[in-house]
Structure formats: C-alpha cells, structure tokens
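Note sheet for the following structure.
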Amino acid sequence: MHREVSMRRLLAVGIVVAAVLWASPGRPQQEVIDRLQQQLQQLQEQQQRLQQQLDEVRRQQETQRQQQDQLRQKQEEAAKAPLLAGWDRAPFVRTADDRFRLGITGRADVNTALFLADTTQRSQLWIRRFRLGFEGHVYKNIEYTFEIQADARLGSVTGEVELRYFYVDLMYFKDWGVPRVGQFKMPFSLEQMTGSSSIETVERSIVTDEIPPGRDLGIGVFGENLFGFFNYGVAVFQGEGDNASESDGGKDFSTRIFVRPIKGLHLGGSYRAGVHNASGHRMRLRTPTGFEFFRRDTRGLLESWGLEGKVEWRGAKLQSEFSRRTDERINVLSTGTANASDVVTEGWYVQLSYMLWGDRTRGGLEPVLKLERVRADNKDDVSAGFSSSDALRANFPDTRAQIWHLGLNYWLGRHARVQLFWLNQQLHNAQDRNGAFLSTRDNGRTNVTDNVILTRFTIKFP
C-alpha cells in the first residue's frame, strides 16, 4: 500500500516537472531541475523511513503473536496439570487456576550468649526457635495460617513443640476490614506485632514482650491503610493464653489503632482489658536472655494500655513505646483469703537504628542502639497476715530493670541475618521464681548487673 502511494507521488512529481519545463521556457532551466530533484530526493527518503517503520510494526506484531502463542500453550499445559509446584520466596503448591494454594514457611534461630560475669545465667549455645508452617488460600478469598514451633529460652530448653498460630482470614471485604478467627496475636504494641525476624534487636524489649498479651484464641477484625493512613485491629479473646482451655469464663478485649499521616511517621496506641477469676494467672518479667526476675500470682481485673511512635528518614529509624499494666490480686496470698495490692507494671524503650549500606532484601549493615526500662510495683499490706516471704517483699516494693542494647545487624539477604549485640542488664530488687532476692545487696537492696555478648543467626522463608 505504501509503495503504491509512493509511486503515485513520483509520477505526479514527474508530470509537474514536465509541465514546468514546458510552461516556463524563459526561466533558468537548470535552477528548476535542481529544485525538483531535491524534492524528489526528499520524497525518496521519506519513502524509506515509512518502509522502515512498516517493517518495525510487522516485527512487533510477529513478536506479540509468538508471545501469545507461547502463553496460550503454557495455559493449555497448565490446565491439563491438576497441581503446580514452584518457588516464590518459599516453596508452594497450587491448582492451575490458583483457587487453592499452599505455601511452606520455616525459620530457625541459633543463639549464643557469653556472660562476662555469671551472675544470673550461664554462657550457652542453643536453638532459640525452630518453626515450620503452612499458609495459603482457599477459593482465593479465604486465607489461612498454621505454624508450630519448638521454642526455648536460655537455660530452659524443654524440647516441647507447641502450636504457634492457626487462624483464618476472610478477605471478602479487605478494603474495610478482614475478619479473623483462631489463635493469633492480640492487637497490642508495635514491637509485639512485628515479627521477631524483622525487629532490629535480638530479642524484644521487656515492656513489649511481657506486658502485652501475646497469642490467644479469639475472633477479631483488622483493617489496613484505610483512607490511605488509618490502621486498626480489634478482637475478643478467651483470655487464657495460647494452647490453653477456658478456666473461668472471663474474656479479654484488645484493640490497637495507628496512623501514618505523612510518609515516614507512625503514631499509635493500644488498650486491653479482661477478667481472670481462676487461679493460675500471673504477671512475670524476664530479661531478653530469658531470666525471670519478677513473678506475682494475679486474680481479677487486668487492664493495660500503651503508646507507640516511629520516625523513618533516609535509612534512619527512631522508635519508642510506653506500656502500663495493672493486675488485681484477689485471694492470692499465703493466707488464701486475703487480698493484696495491685501489681502495677510499666516501662518504655527508645531505639535508634541506621542502615549504613544496602537493605534488608539484598544485603546490608545496620547498627542499633536501644535503652529500655521497666518497673513493677507491688507493696503488700504486712498487717494482712502474710508469710515471712510476703513481708520481705513488702520492704522491697519495686523491682526495676534497665537494659542497654548495642549491636549490628548484618543482613545476608531476604532469607538470612547475623546479629551481634552487647547487653548491659541492670536488675534492682530482682527475685528468683521462689521470691528470694538475688545478691549482691547494696544499702539493704539487691542490685545485679550482667554484661552479655548475644549473637543470633537466622535463616527463614519466605
């Protein structure tokens, strides 16, 4: 088609040239011929460009046709296969139409702890956790998560395997809220809701690992990025903790709300309330290395709240939280019928980190500095007829801890990380599980300081 048009144009130019030569005998013939030859050359160049464009279009059409044929062939082959297997940051199996999908998840943490002074614990190498699970969807809009874990803290390896998570999300109204039912984390605290493989320190802070509720059996609704900045979680739980049966009929309510009003800024808060009427509930505090330095039996109303904030800018991150928890102690003392004063536990942390180079997915180096403090106050009424150990606690009402974390995260890529940290753990009025105070005494009180070199190697998928 383009060639026919070009031939017609050349014929027209020739006729025009002849007409001009015939009609203008008085003009300089050579000037007219030169001008017409120049126009003819321009038309020929234009014809060549058009032909090249036409050839390019034909090549693109042929490439698209071949790609469509290959895609059609793959779809036909996939339709014949009942199941497909592959790797998408983790192994998976799915149906050809992707209505059903099952992915395998896994993780292993290997820790070492070197105590420069063996005041509370011994140096050790141990497997901190080993997890294996499955996640996927059914009919695309029903997602599920299942995970088991062999978990151990320093000096308390039991070899037990426990159910970590098992819940179902209904994604039909995900733009507004996702209903969830099963065993999962209560919505409370930024650091608690962040996976342990993604936090910057080896272990969470005391204030976010012990004061928040953790996992439980319940039902809730979670919404993300509503209106571009609003996030929430609200749930009702059994109130007995993970893998525990109902004992007293009480329930826990927990909610968390946070906003991202501008890029890099995170602000939020959490609230939890519940009633624990049966015996067996307790408030306890443990250091990041797993040493329990405070424990109280509780019964009655439990209430806690917290605030959280985070600022990120060009690889730097400043993060902080505050939490406060109050536990009633109804008929929990040695006399069996006397009430004790409430246990009030509160604490905070401030953390600064900076990605020196790289990132978490392709590899990078990240130094971290963190300071955390926590305090538990439980001054019992000695006149209520307590045992001698209860009276001793009355003279030392507050147990406190201050811990410095200084270390490096070396991200080997998306699936592996090496951590090296120095921890300075200062315990004030610390007690063992039997309520006995630790040495060394200072002005009638007990103060213990541990310096620990803590390392972890993590490998995970996805």
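Bear in mind that the values in this text are calculations on the coordinates, not laboratory data. Source: prediction; values computed, not measured. Using ideal geometry, Cβ is built from the backbone for each residue, glycine included, and neighbour counts are taken over all protein chains shown.
G264: net charge of surrounding residues, Cβ under 11 Å, Lys/Arg +1, Asp/Glu -1, itself excluded?
Details: positive: R260, K263, K310, R314, K317; negative: E312.
Spelling it out: positives minus negatives among the neighbours equals +4.
For D69 and F230 in one chain, what is 0.36 nm times their gap in residues minus the Cα-Cα distance, to one decimal in nm? Kindly include the intermediate steps, with their values, before the conclusion.
Details: separation 161, 0.36 × 161 = 57.96 nm, distance 4.48 nm.
Extending this stretch completely gives an extra 53.5 nm.
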Checklist entry - Among H405, H137, what is the fewest-to-most ranking by other Cβ atoms within 10 Å? => result H137, H405
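Fewest Cβ neighbours within 10 Å first, please rank D216, D69 accordingly. It would help to have the intermediate numbers written out before the result.
On the way: D216 23, D69 10.
Fewest-to-most Cβ neighbours within 10 Å comes out as D69, D216.
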Item to check | Whichever lysines have a C-alpha closer than 16 Å to that of K174, once near sequence neighbours (fewer than 8 apart) are set aside | outcome: K140
Checklist entry - Of M193, M171, how do they rank once you tally other Cβ atoms within 10 Å and put the fewest first? => result M171, M193
Checklist outcome for this item: Where a ≥ b ≥ c are root eigenvalues of the Cα gyration tensor, a/c under 1.5 meaning rounded, otherwise prolate if a/b exceeds b/c and oblate otherwise, region 163-238 counts as oblate
Checklist entry - How long is the gain from W87 to I148 if the chain were fully straight, where each residue apart is worth 0.36 nm and the alpha carbon distance is subtracted? => result 19.8 nm
Checklist outcome for this item: Those trypsin sites (Lys or Arg not before Pro) from region 278-361 that are DSSP loop and have at most 11 other Cβ neighbours within 10 Å turn out to be R314
